[in-house]
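Readers should treat all values here as calculations from the given coordinates under stated rules, not as data from a laboratory. On a predicted model such as this, the values are computed, not experimentally measured, just so you know. As a convention, Cβ positions derive from the backbone with ideal geometry for all residues, glycine included, and neighbour counts pool all protein chains shown.
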Amino acid sequence: MTSTESSQTSSQGGQSGQSGQKAPAKDPWDLPDVSGLVVGVLGGTGPQGKGLAYRLARAGQKVILGSRAAERARTAADELNAQGLAIEGADNAECARRSDIVIVAVPWDGHGATLEALREELRGKLVVDCVNPLGFDKKGAYALKPEEGSAAEQAAALLPDSRVAAAFHHLSAVLLSDPEVDEIDTDVMVLGEERADVEIVQALAGRIAGMRGIFSGRLRNAHQVESLVANLISVNRRYKAHAGLRVTDV
């Protein structure tokens, strides 16, 4: 090929690229099918973790409930299974190893130590942190700010070989665990670094009747989301409610 022919070919290729239509934007509600994924819940014997395990299993998700003590996890799973579910109980390490997605619902004061101890078991996993760093005094609940910025950012720092997202912060444990409540009217704010991981968590939230998962930014914005729980606690105490959140015009 001569230099002239090469120049003409390059020019034609450039014109073709310029005239080509731009690919349509991805539909933000085009979410993956997560029904076949195994979900582990660390801290699954606490109110929030147990409630999430119940709701996800009720939606047809395969769930493993984790605790520091395997026997305690199995006892909690048996209590839920009396309602016709098929949740497994295991210690936290086995729960992490056997799960595709791992939800962290442990108390804040045990958050760092739990994740550090499970670093190998959580390697390569999608880890969804729903822990809210809060303090309480005679004035009520107030937000704490971890050194890393948030519980989710602490998880990311402790689990460099895992994919960390944040979600499920604003859910009422009372509503989650109530078998008389068929739908929970709330949105779930989902934060993360990778769109594919965020969409998996959004889809998982959408498996629970009444919920939507809404992308709400990267992990650097997790502190505001975690802190908002202190405000919701104040709302609930004043109005004797189990308040959640809805994002409008989305």
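Measuring spread by the Cα atoms of region 89-140 yields a radius of gyration and Dmax of 13.0, 42 Å. Karplus-based coupling profile of region 91-107, in residue order and whole Hz: 5, 4, 5, 5, 4, 5, 4, 8, 9, 7, 10, 10, 8, 9, 10, 7, x, with θ = phi - 60° in 6.51 cos²θ - 1.76 cosθ + 1.60 and x standing for Gly or Pro. Length, then width, then depth: along the principal axes, the Cα atoms of region 24-66 run 45, 18, 15 Å. Seen from all directions on average, region 134-250 presents a Cα convex hull projection of 8.3 nm². Using DSSP, restrict attention to beta bridges with both residues in the chain and report what percent are antiparallel, rounded to the nearest 5. Approximately 20 percent, going by the DSSP bridge assignments. Say we join alpha carbon atoms closer than 10 Å with springs in a Gaussian network model of the chain; which of ARG195, ARG207, ARG238 then has the biggest fluctuation? Highest fluctuation among the options: ARG238. Note on region 53-200: Rg/Rh from Cα positions, Kirkwood definition for Rh, rounded to two decimals, is 0.96. Normalised Debye scattering of the chain at q = 0.07, 0.10, 0.11, 0.16 Å⁻¹ gives log10 I(q)/I(0) of -0.28, -0.50, -0.58, -1.15, counting only Cα atoms as equal scatterers and leaving out solvent.
The distance separating the Cα centre of region 205-250 from that of region 57-111 comes to 23 Å.
Residues considered: GLY210, GLY66, GLY49. Largest GNM mean-square fluctuation over the chain, using C-alpha springs under 10 Å, is found at GLY210. Inter-label distance, TYR239 to ASP178: 1.4 nm, where each label sits 7 Å from its Cα along the C-beta direction. The sum of -39500 (n - 2.57) across all DSSP H runs of n ≥ 4, divided by the residue count of the chain, sets its helix-only mean residue ellipticity at 222 nm to -12000 deg cm²/dmol. Over region 144-187, the reciprocal of the mean inverse Cα-Cα separation, the Kirkwood hydrodynamic radius, stands at 12.8 Å. Scanning residues 5 or more positions from ILE103 or on other chains, those with amide H under 5 Å from its amide H are GLY40, VAL41, LEU42, VAL128, with H placed 1.01 Å from N in the peptide plane.
Here the simple spin-label model places points 7 Å from the Cα toward Cβ, and for ASP161 and SER35 these points are separated by 3.4 nm.
In terms of overall dimensions, region 205-250 has a Cα radius of gyration and Dmax of 12.5, 33 angstrom. For region 23-137, the calculated P(r), taken from all Cα-Cα distances in 10 Å bins from zero up to the bin holding the longest distance, is 15, 45, 27, 11, 3, 0 percent.
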